[in-house]
1. Taking 32 Å as the cut-off for C-alpha to C-alpha distance, list the pairs among Lys21/Lys186; Lys53/Lys151; Lys110/Lys302; Lys53/Lys186 that go past it.
2. Out of all DSSP beta bridges in the chain, what portion is antiparallel? Express it as a percent rounded to 5.
3. Set the Förster radius R0 to 45 Å, insert the Cβ-Cβ distance between Leu165 and Ala249 as r into 1/(1 + (r/R0)^6), and round the FRET efficiency to 0.05.
4. Over region 10-327, what is the relative contact order in whole percent, taking alpha-carbon pairs under 8 Å and six or more residues apart?
5. With n ≥ 4 as the cut-off for DSSP H runs, can you work out [θ] at 222 nm for the chain, using -39500 (n - 2.57) per run divided by the number of residues, rounded to the nearest 500?
6. Provide Ser381, Ser155, Ser387 in ascending order of the number of other Cβ atoms located within 10 Å of each residue's Cβ, fewest first.
7. With just the Cα atoms defining each centre, how far is region 66-81 from region 455-472? Give it in Å.
8. Using 0.36 nm times the number of residues separating Arg518 and Asp414, minus their current alpha carbon distance, what extension gain do you get?
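Just so it is clear, none of the values below were taken in a lab; they were calculated from the coordinates. Model, not experiment: these values are computed from the prediction. Neighbour counts run over all protein chains shown; Cβ positions are idealised from the backbone, glycine included.
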Amino acid sequence: MTATQNRAPTPSFVQRMSRVKPYFGRPYGLWVVVVIATIVGGTTEPLIPYLMKLLVNRGFGQHSFPLWVVPCTVIGLFALRGVTGFMAQMALTRIANSGIFKLRTEMFQKLQNAQMQLFSQQSASTLANTVVYEVQTGSNQLVYALLSLSKDGLSVVSLLVSLLLQNWKLTLIVLFLFPAVALVMKTLSARLYRITKASQTATDELAYVVEENVLAHRTIRLHGAQTSQSARFRGFSDGLRRLAMKSSAASAAMTPLTQMLGAVAVSAVVTIALWQSQDGAGNVGDFLQFVMSMLMLLAPVKHLADVANPITRGLAAVERGLQLIDEIHTEPSGSHAVERARGELQFDAITLRYADDAVPALDQINLHIAPGEIVAFVGPSGAGKTSLMNLLPRFILPTEGHILLDGVRTEDWDIQSLRNQFAMVSQDVVMLNDSVAANVALGRELDRERVAQCLEAANLSQHIASLPQGMDTLVGHNATQFSGGQRQRLAIARALYKDAPILILDEATSALDNESERLVQEALQRLMTGRTTLIVAHRISTIEHADRIVVMSGGQIVEQGPHAELVRQQGLYSRLHRLGFGEHASGLAPQVAV
Ligand SMILES: Nc1ncnc2c1ncn2[C@@H]1O[C@H](COP(=O)(O)OP(=O)(O)O)[C@@H](O)[C@H]1O
Ligand SMILES: [Mg+2]
């Protein structure tokens with residue numbers, strides 16, 4: 001599912017940060033606030049030990065300054081640090097959240113226009129996880145880690161400068177700390193990056209199990225599959241637990257290791273300083289300032305060591321979103337666009353393979369359909385009827401061959417203009433969680449009058465009138481409060497509303513009972529007039545009215561012609577016809593169920 005992530009070589013830190021920059025690099029004004037506030041905050045750091053030195057050396061005994069200066073200076077210093085800290089934090093929060101907003105908007109845009117393979121490669125939960133969750137936590141971790149990096153980095157630099165000015169020889173000992181800390185950080189953060197990537201995959205798998213179990217909750221209970229599903233969930237959950245432990249171990253090891261290095265440096269400096277003081281060199285104030293500066297150095301150094309963790313995790317999370325934006329291609333589109341096509345279709349040696357090594361689902365299909373012609377497609381299940389229909393609006397792309405609409409290859413059509421030419425009622429009806437009216441008018445301007453007409457024509461107005469808010473009633477998640485037949489009639493109303501020149505009905509009446517089927521049949525008849533219509537059907541009543549019947553089997557067209565002629569031919573069609581086209585499907589062998 002996430003194969004591309006695992007295969008990609010690890011890019012350098014700078015390369016990775018520069019990919020994130022377009023989202024978090026602006027507005028510059030906020031970054032200026034962050035930088036100034038951080039510089040002011042960071043440089044006040046060495047002032048505290050300096051104040052202590054002044055107090056010790058000159059504050060006791062003979063006062064050389066008035067007493068009120070002391071509390072005023074201390075309070076003033078901390079007020080300055082507080083204000084700058086607050087400003088930096090607020091500015092960064094703004095930067096982080098507008099970055100998240102930009103990223104999310106772009107990711108959702110990408111989902112809308114991505115090549116459709118994306119949806120067979122990544123599950124709904126994986127995509128939701130990336131867009132909703134990963135980006136949020138990742139960006140926040142990243143931006144706050146950057147705050148810490150700059151703030152603590154500056155503290156370290158200013159404290160070091162002050163230490164060098166005080167006693168450069170002793171400071172050199174402190175500097176031995178840095179390469180050692182860097183080495184520890186580098187090793188551990190490389191490990192963390194790998195663990196984080198693995199955790200993302202494991203989280204996706206876990207979310208996927210939940211998604212699947214929610215979707216199939218009835219089936220799972222009916223078959224008593226809870227135990228095996230729980231075991232499956234526990235497997236993934238346990239994997240995630242182990243990864244979390246490894247990740248914790250890597251980041252927890254960082255703190256004591258850096259602290260040990262710090263302790264070594266502090267004890268060396270103190271020992272040397274005390275040893276020097278035996279010769280009477282230096283005074284108490286200077287020593288206090290030096291040791292205090294050094295001790296104050298420890299906290300930011302430790303923070304800097306810890307910062308690798310959120311930066312690594314945050315970057316990995318944000319990168320997942322960037323991957324969606326950069327690596328998923330948008331659907332290719334041509335430029336041919338017309339308001340309304342005539343509806344002439346031509347299949348030119350179409351072969352379709354779902355996988356490179358799979359048996360072709362469609363094998364060298366050649367077919368011409370004239371404008372306004374009604375063509376019915378029949379054949380056993382798995383014959384390739386649905387695949388053939390899905391090729392038309394380019395939901396799937398042919399492996400070989402071309403499809404022409406009005407003499408223009410579908411790949412040369414502007415993708416949206418092409419799709420505007422088709423209305424489709426398929427086997428699986430999908431409704432959005434919105435009002436009945438919004439579902440019928442989907443993607444078009446809502447004209448209540450026309451919605452009512454379409455509902456009427458689809459023989460649904462009676463049912464809609466009985467709903468509490470009529471056509472403004474919310475249909476709920478995929479309209480589950482509607483029956484199968486009602487959902488299908490809703491889809492027919494939607495197709496009527498779209499009023500496209502080509503109509504595709506893929507078992508559109510399969511969920512209807514005989515009574516509503518008769519009523520919908522009239523509506524469909526009206527809908528079909530003047531339109532090119534492709535019907536995949538198993539009802540003799542639908543098929544008989546077709547101008548031509550195309551019989552498919554094993555991805556090929558085996559017979560075609562008008563009903564009476566095909567019955568006379570005594571081939572597959574007449575056999576399917578004798579068996580009633582699956583109208584009493586329970587009595588049929590599966591290979592002839594249409
Ligand atoms: N998304 C898919 N991925 C892989 N194989 C598929 C997919 N959809 C359909 N197929 C395969 O293509 C063949 C034709 O399927 P389909 O077009 O749905 O047949 P029909 O609609 O005639 O029942 C079947 O063998 C089916 O297994
Ligand atoms: Mg089908």
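1. Working: Lys21/Lys186 22 Å; Lys53/Lys151 24 Å; Lys110/Lys302 40 Å; Lys53/Lys186 37 Å.
Long pairs (Cα-Cα over 32 Å): Lys110/Lys302; Lys53/Lys186.
2. 50 percent
3. On the way: r = 40 Å, r/R0 = 0.89.
About 0.65, to the nearest 0.05.
4. On the way: 279 pairs, mean separation 109.4, N = 318.
Computed over region 10-327, the figure is 34 percent.
5. About -20000 deg cm²/dmol.
6. On the way: Ser381 14, Ser155 24, Ser387 21.
With the sparsest Cβ surroundings first, the list reads Ser381, Ser387, Ser155.
7. Comparing the Cα centres of region 66-81 and region 455-472, I get a distance of 75 Å.
8. 33.7 nm
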